[in-house]
Amino acid sequence: MTHAHPPDTGLPALPGAGIRVATIPHRDAYVDAVLPDGVTRVGNGAEPSCWFDHAHLAAHSRDVDVVHLHVGYGRLDAAAMEAWSEELQRQGVPLVVTVHQLHAPGAASPGPHDAHLAAVLGIAEVVLTLTPGAADDIAERYGRTAIVVAHPSVAVADPELGAERGLVGLRVGASSASVPDVGRLVRAAVSGAVSGGGRLRLLVEEADVPALDPAIPAMAEAGQLELVVFPAAGWVAQLQQLHVAVLPEPCGTHSRDVEVCRDVGTRVVAPSCGWFADQWSEVVPYSHDEQGGVDAVSLTAAIGAALIRPMPRPADRVWRDGQREAVRQVHAEVYAQVAGDRSWA
């Protein structure tokens, strides 16, 4: 197979220019942020991704130079994931994997997620992740060296929107496997906000209102906290109005909300289960994981400590834009490397 050469402009070619990449998922705030200029994204927005279909992969393997897997493989069982990995190898399509989560939040057992990662990391040409701590875990558990790339900017602060000193925000919904004890979390957050001289605002997305524990609106009616219902599209604005945002999940590795808070200038109180503090120095950890659940005393203390610190400024846009370009450059070089190594039958 031959590829058309780009016209000679007299300028050096960008690494990765003209390379056809199938990203899984096809579109996403992170995926869009890291995709290099000049790379052609192939596929469609179907869910699950069309590239997981063996027949589609076999029919279109010559239409793609690289498959880059981010998330979305949780819909496949371990056997299907292994079979897909083998099909990629059979078709000679190089795989790049970015490990966003080393654990599956809310999963009954870590086994399936671990098996998924083992299947894809075993054949990946290049492995990427977002923090040094996660890279160490990947090396220890899977024997792979991961390139660490920073999580790029995914939001821009609204200059017309101000933040309230002392305002602590916690997003809540129904109790679930991901957040099994919402009431305990809320009570500890109220205590932390009040002890730090602030107040608690519970943030509830419109779709979650019907499933909300009735005790939570009752606490709002009693004046213990404020309850705000917001549309999904308004999440960034809600975070920007806070002094401190509390992340509630007891299981995770990295968080997009940490990066949104960095962009808009909101301090983060995050659980101890992941590598959130590796993402940003303004993260204050509290003890919360799947094994021990939430340590209410730890959360109260973390919120109090976060409130006495100055409110961070929104991220410098010049620096964040430069960081994003550096991340795109790494992706471009990775794509050029693995596509160049591909042997065509």
Legend entry - Expected 222 nm ellipticity per residue - DSSP helices of 4 or more, -39500 (n - 2.57), all of the chain, to 500: -11000 deg cm²/dmol
Inset, instruction - Could you please report the charge total around Gly234, scoring K, R as +1 and D, E as -1 over all other residues with beta-carbon less than 15 angstrom from its beta-carbon? - result: -4
Inset, instruction - Would you mind telling me which residue in Trp280, Trp319, Trp51 has the biggest mean-square fluctuation in a Gaussian network model of the chain, where springs connect alpha carbons within a distance under 10 angstrom? - result: Trp319
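Convert 20 °C to kelvin, take the viscosity as 1.002 mPa s, use the Kirkwood radius over C-alpha pairs of the chain as Rh, and evaluate the Stokes-Einstein diffusion coefficient in µm²/s, rounded to a whole number. Could you put the intermediate results ahead of the total?
On the way: Rh = 21.7 Å.
My calculation gives 99 µm²/s for D.
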Inset, instruction - Could you tell me what percent of the DSSP beta bridges with both partners in segment 167-308 are antiparallel, to the nearest 5? - result: 10
Legend entry - Among Ser195, Val258, Val228 - extreme Cα towards positive end, dipole of segment 167-308, charges at beta-carbon: Ser195
Inset, instruction - Over the alpha-carbon set of segment 167-308, work out the extent along each principal axis and list the three values in angstrom, largest first. - result: 37, 32, 30
Legend entry - the chain: angle of helix 317-341 to the longest principal axis, Cα-based, in degrees nearest 10: 30
Inset, instruction - Could you tell me how many degrees, from 0 to 90 and to the nearest 10, lie between the Cα long axis of helix 296-308 and the main elongation axis, the longest principal axis, of the Cα atoms of the chain? - result: 90
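Under 4 °C and 1.567 mPa s, how fast does segment 238-345 diffuse according to Stokes-Einstein, given a Kirkwood radius computed over C-alpha pairs? Answer in µm²/s, whole number.
Working: Rh = 15.7 Å.
Answer, rounded: 82 µm²/s.
Just tell me the longest site-free run in the chain, where the sites are GluC sites (Glu not before Pro) in a DSSP loop having at most 14 other beta-carbon atoms within 10 Å.
Numbers: sites that count: Glu160, Glu164.
The answer is 165-345.
Roughly speaking, what % of Cα-Cα pairs in segment 91-175 are separated by over 14 Å, rounded to a whole number? Let's see the in-between values first.
Working: 2617 of 3570 pairs.
Summing the P(r) tail past 14 Å for segment 91-175 gives 73 percent.
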Legend entry - DSSP bridge orientation in the chain - percent antiparallel, rounded to nearest 5: 5
Legend entry - Theoretical gain in end-to-end length, Glu221 to Asp316 [0.36 nm per residue, Cα-Cα removed]: 30.3 nm
Inset, instruction - With everything on Cα atoms, drop me the angle between helix 78-91 and the longest principal axis of the chain, reported from 0 to 90° to the nearest 10. - result: 30
Legend entry - Of Asp213, Asp65, Asp257, the one that fluctuates the most in a GNM where the chain has Cα springs shorter than 10 Å: Asp213
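Which net charge results for the neighbourhood of Val294, defined as the other residues with beta-carbon distances under 12 angstrom from its beta-carbon, given Lys and Arg at +1 and Asp and Glu at -1?
Values: positive: Arg184, Arg187; negative: Asp181, Glu249, Asp289, Glu290, Asp295.
Value of the local net charge: -3.
Readers should treat all values here as calculations from the given coordinates under stated rules, not as data from a laboratory. Predicted model only: the values in this text are computed from it and were never measured. Note: ideal-geometry Cβ built from the backbone for every residue, glycine included; neighbour counts use all protein chains shown.
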